[in-house]
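Reading through the structure tokens given below for one structure.
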């Protein structure tokens, strides 16, 4: 049986839907209730819903760890078991289209050591466009919980101290996944300070997908990232965004392109800018 570790297309999912645990990760950064509303209106059959704010992050407290601190690993493991996920079972995650939210759970599952996880390429939009059925209302209760053993992480986060060290090293590269206007400090709709981490390069995560929300071919992504890396190994890359969500889509794109080993700064800009002693850059 094939295992999907980065992307799965709608045709592949439709053939294996009964074998997979499917999770709807649709979200709106400006309305934390919107994703759950969308799920109740229509979703892929038997898909569960997990909230970016409530399930895929821990409470932000004083905000010093950013807007979406990583969830407790044990709590997340038990939550996925409750959806029926077991070792070796395929987990498929999706959002509206470009993977910007679904990739958060993709990365978190790998953080738990679960390798059999993939993002639905093109998301819910691609599923509907292909004419596959949808359903309304709550997902049926799982008759039996799964069994996810505690494993060594496949993916690992870095701390703010690690980022400072990476920036001091000419061999490391920090990539900011936010839109260009936020990176340049022209606008900041979510965090109290506008700008970017000095030394970080900007590659908006939407550059990894085509207009229909599906990812660019692996060879195209590889060529684009290799150019950005300028001879550095993928393991030297630290990805960040506003709060550690859409940066996961950059990690997914690199992994899909065969460029493995990059890491996530989970606190991202929302953590960095909380400390007034940390420098802020603006402009290109």
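Values as computed for the structure displayed
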read-out	value
Computed E for residue 58/residue 141 - FRET, C-beta separation, R0 35 angstrom, nearest 0.05	0.85
Per-pair calculated FRET efficiency, R0 = 45 Å: residue 281 and residue 2 via Cβ, rounded to 0.05	0.50
Mean separation of Cα contacts under 8 Å, 6 or more apart, over the residue count of region 7-129: relative contact order %	32
Length added when fully stretched, residue 28-residue 73, from 0.36 nm per residue minus Cα-Cα	13.8 nm
Rounded if a/c under 1.5, otherwise prolate or oblate - region 186-237, Cα gyration tensor axes	oblate
Cα coordinate range in region 14-98, projected on the principal axes (Å, largest first)	45, 29, 20
Cα-based shape type of region 157-272, given that a ≥ b ≥ c are square roots of the gyration tensor eigenvalues and the cut on a/c is 1.5	oblate
Over region 153-256, relative contact order from alpha-carbon pairs under 8 Å, at least 6 apart, %	32
Separation of the residue 230 and residue 11 label points, Cα + 7 Å toward Cβ, nm	4.1
Contact order normalised by residue count of the chain, Cα under 8 Å, 6+ apart, percent	22
Normalised per residue, the volume of the convex hull around the Cα set of region 93-167 (Å³)	147
Estimated 222 nm signal from helices in the chain, with DSSP H stretches of n ≥ 4 weighted -39500 (n - 2.57), rounded to 500	-8000 deg cm²/dmol
Where labels lie 7 Å past Cα in the beta-carbon direction, separation of residue 42 and residue 201 in nm	4.0
Equivalent ellipsoid, the chain (semi-axes from 5 times Cα gyration tensor eigenvalues, Å)	30, 20, 18
Estimated inter-spin distance, residue 188 and residue 129, nm [label 7 Å along Cα→Cβ]	3.5
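No lab work stands behind these numbers, since they all come straight from the coordinates. Note that the structure is a prediction, hence the values are computed from the model and not measured. Neighbour counts are summed over all protein chains in view; Cβ atoms, including those assigned to glycine, are modelled from backbone coordinates with ideal geometry.
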